[in-house]
Amino acid sequence: MNKIDYWVWENRFSKKERKKLNAISLANYLDLKSDKFVAKDKNNISKKQAETYYIYYKYLKNLIYDAIEQSLFINKHYFGYDIYPLNDYLCLNYNVYNSSNKGEYDWHTDVSNSSVLDFKLTMLINISEENFEGGELLIEGTNQVEINNFKKPGSVTIFKSYLRHKVTPVTKGIRKTLTIFLEGPRFK
């Protein structure tokens with residue numbers, strides 16, 4: 001897998017910033033997300049075992065703006081996708097993977113249901129407040145790769161949304177992430 005399939009920043013957010021992101025997310029989420037937009041297996045069963053909440057970008061913008069800008073810079077110089085500006089009402093996913101139910105997300109790709117745009121890049125922010133075991137992020141391109149740098153709380157990764165990826169079961173602790181889909185015009 002080429003470096004340009006994904007990018008990682010370790011320790012991008014401090015523990016204090018992660019606590020604030022978690023508190024704001026839990027105080028302002030719109031609703032517990034149904035599995036309507038979650039990848040399903042051939043038996044129509046959700047591939048995701050996690051609590052996922054929607055939260056508008058506007059609530060977290062001041063805290064994650066610089067990381068978004070870094071991602072857009074990396075896109076411009078390494079990925080080259082046309083990406084729309086983020087809007088205050090873009091819904092981010094606040095994900096909680098708990099070891100009590102071996103939270104995981106089986107192999108899937110991130111795709112839009114829209115007829116006018118596609119997800120170009122998936123941005124994940126590890127906002128876990130403590131270390132956890134399991135919960136590795138695997139990406140499948142030319143080879144299967146574990147993005148082990150992302151497992152460190154406070155780290156950020158971006159990768160091509162159409163690449164198959166998964167989160168292995170969390171075996172100890174709680175893994176918390178924010179997912180931001182960077183959108184652009186439909187692929188042709």
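Data table
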{"read-out": "Residue, modelled with the lowest pLDDT, within the stretch 49-71, restricted to residues that are more than 27 Å from residue 5 (Cβ to Cβ) and open to solvent by 70 Å² or more (accessible area, probe 1.4 Å)", "value": "51"}
{"read-out": "Pair list, Cβ < 6 Å and 6+ apart or interchain, from the stretch 97-111 residues that are within 25 Å of residue 5 (Cα to Cα) and open to solvent by 30 Å² or more (accessible area, probe 1.4 Å) to residues that are not basic (Lys, Arg) and not in a loop (DSSP other than H, G, I, E, B)", "value": "104/49; 104/167"}
{"read-out": "Any chance residue 46 is at pLDDT 90 or above, surrounded by 15 or more Cβ atoms within 10 Å (Cβ to Cβ) and more than 16 Å from residue 127 (Cα to Cα)", "value": "no"}
{"read-out": "Considering residues of the stretch 165-180 that are of a type in the set (A, V, I, L, M, F, W, C) and buried (at least 21 other Cβ atoms within 10 Å of the Cβ) only, the residue farthest from residue 6 (Cα to Cα)", "value": "170"}
{"read-out": "Residue satisfying all of: in the stretch 75-92; touching a helix residue (DSSP H, G or I) at 6+ places or on another chain (Cβ under 9 Å) and in contact (Cβ under 8 Å) with a residue 60 or more places away in the chain; most open to solvent (accessible area, probe 1.4 Å) among these", "value": "78"}
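The values are calculated or read from the model by the stated rules, or taken from the named source; none is laboratory data. Bear in mind the structure is a predicted one, so any value in this text is a computation, not a measurement. All Cβ positions, glycine included, derive from the backbone under ideal geometry; neighbour counts span all protein chains shown. Ligands, DNA and RNA are excluded from the accessible area calculation, which covers all protein heavy atoms including side chains. Shrake-Rupley method; radii C 1.70, N 1.55, O 1.52, S 1.80 Å.
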